[in-house]
Amino acid sequence: MSGGEDLLRSRGLRVTRPRLAVLDVLASGGHLEVDEITRRVRERLDSVSTQAVYDILGAFSRAGLSRRIEPAGSPARYEARVGDNHHHVVCRGCGEIADVDCATGSAPCLDPSSSHGFEVDEAEVTFWGLCPGCQARRRADH
């Protein structure tokens, strides 16, 4: 039995070839759009619909196996890094996304000025700027 099969079963999910393939794609790292995940899954399997990939990603997000992020003005992206309250930095030029570590527990980004009565258990922070490649292109254009 593979680690992927054990992981799916431990989260109460049925083991299927498409789920194993999506799990494998996410494990390769990055912040991937559904189209890219679907393309990579199709390299491993004969066929899988985009809707099936959406359904799998939804099940994975609910089971804590993937995280969906939606930077403003960008399509949803998915990643396998979950449960550590990390954040993201997004390039305004090319859309590249990188992880930004954040301490769990009491940290400035985790303490809202007002919780409005909510019991806050996670913060999602997105930093925006230009990646090194876009900075170099901007300098070259000026």
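The values are calculated or read from the model by the stated rules, or taken from the named source; none is laboratory data. The structure presented is a predicted model; accordingly, all values stated were derived computationally and were not measured. Methodologically, a virtual Cβ is constructed for each residue, glycine included, from the backbone with ideal geometry; neighbour enumeration extends over all protein chains shown.
What pairs come up if the first residue lies in region 75-95 and is closer than 23 Å to G64 by Cβ, the second is in a strand (DSSP E or B) and of a type in the set (D, E), and their beta carbons are under 6 Å apart, counting only those six or more places apart or on different chains?
From region 75-95, the pairs are P75/E33; R77/E33; H86/D99.
Pick from region 8-60 the residues that are surrounded by 13 or more Cβ atoms within 10 Å (Cβ to Cβ) and among the acidic types (D, E): which of them is farthest from D99 (Cα to Cα)?
My answer is D55.
What residue, among those in region 91-110 that are farther than 26 Å from A63 by Cα and surrounded by 10 or more Cβ atoms within 10 Å (Cβ to Cβ), is modelled with the lowest pLDDT? Please lay out each step first, then the result.
First, pick out the residues of region 91-110 that are farther than 26 Å from A63 by Cα: 91-96, 107-108.
From what's left, surrounded by 10 or more Cβ atoms within 10 Å (Cβ to Cβ): 91-96, 107.
Working: C91: 94, R92: 92, G93: 92, C94: 92, G95: 90, E96: 92, A107: 59.
Across region 91-110, the extreme among qualifying residues is A107.
Check whether at least one residue in region 103-120 is out of contact with any helix residue (DSSP H, G or I) (no Cβ under 8 Å at 6 or more places or on another chain), outside the structural domain of V15 (by TED's automatic domain parsing) and of a type in the set (D, E), and report yes or no.
Checking region 103-120: at least one residue is out of contact with any helix residue (DSSP H, G or I) (no Cβ under 8 Å at 6 or more places or on another chain), outside the structural domain of V15 (by TED's automatic domain parsing) and of a type in the set (D, E).
Just to check your reading of the model, which residue among S28, S47, S2 is free of Cβ contacts under 8 Å to residues at least 24 places away in the same chain and closer than 21 Å to R68 by Cα?
Going through S28, S47, S2 in turn, just one is free of Cβ contacts under 8 Å to residues at least 24 places away in the same chain and closer than 21 Å to R68 by Cα: S28.
Return yes or no: is R139 assigned to a strand (DSSP E or B) and modelled with pLDDT of 90 or more?
no
Assess whether A52 counts as being in a helix (DSSP H, G or I) and without any contact (Cβ under 8 Å) to a residue 40 or more places away in the chain.
yes
Please indicate, with yes or no, whether at least one residue in region 29-41 is at pLDDT below 95 and within 24 Å of G95 (Cα to Cα).
Yes.
Please pick out the residue among S28, S47 that is out of contact with any Lys or Arg (no Cβ under 6 Å at 6 or more places or on another chain), more than 18 Å from G4 (Cβ to Cβ) and small (G, A, S).
S47
When you go through (1) under 19 Å from D84 (Cα atoms); (2) in contact with a Leu (Cβ under 6 Å, 6 or more places away or on another chain) one by one for L7, which number turns out not to apply?
Against the list (1) under 19 Å from D84 (Cα atoms); (2) in contact with a Leu (Cβ under 6 Å, 6 or more places away or on another chain), L7 comes up short only on (2).
Could you list, in sequence order, all residues of region 55-67 that are under 22 Å from H88 (Cα atoms) and in a helix (DSSP H, G or I)? It would help to see each step written out before you state the result.
If we filter region 55-67 for residues that are under 22 Å from H88 (Cα atoms), which is where we start, we get 57-58, 60-67.
Within region 55-67, L57, G58, F60, S61, R62 qualify.
If I go through region 68-86 residue by residue, how many of them are surrounded by fewer than 16 Cβ atoms within 10 Å (Cβ to Cβ) and not in a loop (DSSP other than H, G, I, E, B)?
Pass one, region 68-86, residues surrounded by fewer than 16 Cβ atoms within 10 Å (Cβ to Cβ): 68, 70, 72-76, 81-84.
Narrowing the set further to residues that are not in a loop (DSSP other than H, G, I, E, B) leaves 68.
The number of residues fulfilling the criteria is 1.
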